[in-house]
Amino acid sequence: MDDAVTRLDIPGTYNFREAACGALTPGMLYRSDALHRLSPAGRRRIAELGIGTVIDLRSPFDRRVGGRDRLRGTGAVRTSIPIDGASRRVDLKTITLGEVYRLILDEHQHALGRIIRAIADADGPVLVHCTAGKDRTGLAIALVLEALEVDRRSILADYAASAPNLAGEWTHRMVRKARRFRVHLTDDLLVILGSSPPEVLDAALCRLDRRPGGIDAYLDGAGVDAAVRGRLRAKLLA
């Protein structure tokens, strides 16, 4: 699994890597944290990777707080498919990462389907990112891998690779930002900020497994039908 956890050196990012490296066609699907701090060197690296489509999952609020993607000179075109990390109805004092994932899967099924279709239909390599590159991006990539019938162990390993990339400077920065907004940081919120426990994603996927028709029915309901899955396989499986 060492190849699956390799972080690419893209200056201005912390969690930029190939999705499920070793399970997919190399150099076709990437995942990352936000791109608003990309340096000129980072933009050159994205151009060298040939990434033509960047799918930004951040909400308008995320972009106002974090900043716009810095893609000038990369040759990449940004597509916005916003997903709120959690419903505005949640109580930040009690919310857990598992609850965030339940809300995203329940409230944003069609947006997740749009993401998968955009990946399947894009010309050339694609990058998917949100703020940290672990939750919204993690669920979207996990569903792509489920549609491709990648084994669950590899899906969870790919997801778990975010935490070591985000440890340290990235998480400290997010903690400072949360405190500026006067957010009381519970242990569960700290997990939401910077952790990617594989058991949490596994529980979210197992919940979909238990629905009538399982994950296949969820994907069908999201507009990821057999034709889309065929295009996805042609693009991402050599």
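So that you can scan it fast, the table gives a plain yes or no per residue for (1) assigned to a helix (DSSP H, G or I); (2) open to solvent by 10 Å² or more (accessible area, probe 1.4 Å):
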| residue | (1), (2) |
| --- | --- |
| Arg7 | no, yes |
| His36 | no, yes |
| Ala41 | yes, yes |
| Ile46 | yes, no |
| Arg63 | yes, yes |
| Arg68 | no, yes |
| Arg72 | no, yes |
| Pro82 | no, yes |
| Asp106 | yes, yes |
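Of all residues in region 209-223, those that are in contact (Cβ under 8 Å) with a residue 60 or more places away in the chain and in a loop (DSSP other than H, G, I, E, B) have Cβ atoms under 6 Å from Cβ atoms of residues that are surrounded by 15 or more Cβ atoms within 10 Å (Cβ to Cβ) and aliphatic (A, V, I, L, M), 6 or more apart or on another chain, in Ala222/Leu112. Looking only at region 196-208, residues that are assigned to a loop (DSSP other than H, G, I, E, B) and either out of contact with any Lys or Arg (no Cβ under 8 Å at 6 or more places or on another chain) or without any contact (Cβ under 8 Å) to a residue 40 or more places away in the chain (or both) come to 1 in all. Name the one entry in Gly113, Gly50 that is over 26 Å from Ala160 (Cβ atoms) and either in contact (Cβ under 8 Å) with a residue 40 or more places away in the chain or touching a Cys at 6+ places or on another chain (Cβ under 9 Å) (or both). Exactly one of Gly113, Gly50 is over 26 Å from Ala160 (Cβ atoms) and either in contact (Cβ under 8 Å) with a residue 40 or more places away in the chain or touching a Cys at 6+ places or on another chain (Cβ under 9 Å) (or both), namely Gly50.
For region 121-151, the set of residues classified as outside any loop (DSSP other than H, G, I, E, B), out of contact with any strand residue (DSSP E or B) (no Cβ under 7 Å at 6 or more places or on another chain) and over 20 Å from Ile104 (Cα atoms) consists of Asp121 only.
The values are calculated or read from the model by the stated rules, or taken from the named source; none is laboratory data. All values derive from a computational prediction rather than experimental measurement. Quick reminder, even Gly has a Cβ in these numbers, built from the backbone with ideal geometry, and neighbours come from all protein chains shown. All accessible areas refer to the heavy atoms of the entire protein, side chains included, with ligands and DNA or RNA removed. Shrake-Rupley method; radii C 1.70, N 1.55, O 1.52, S 1.80 Å.
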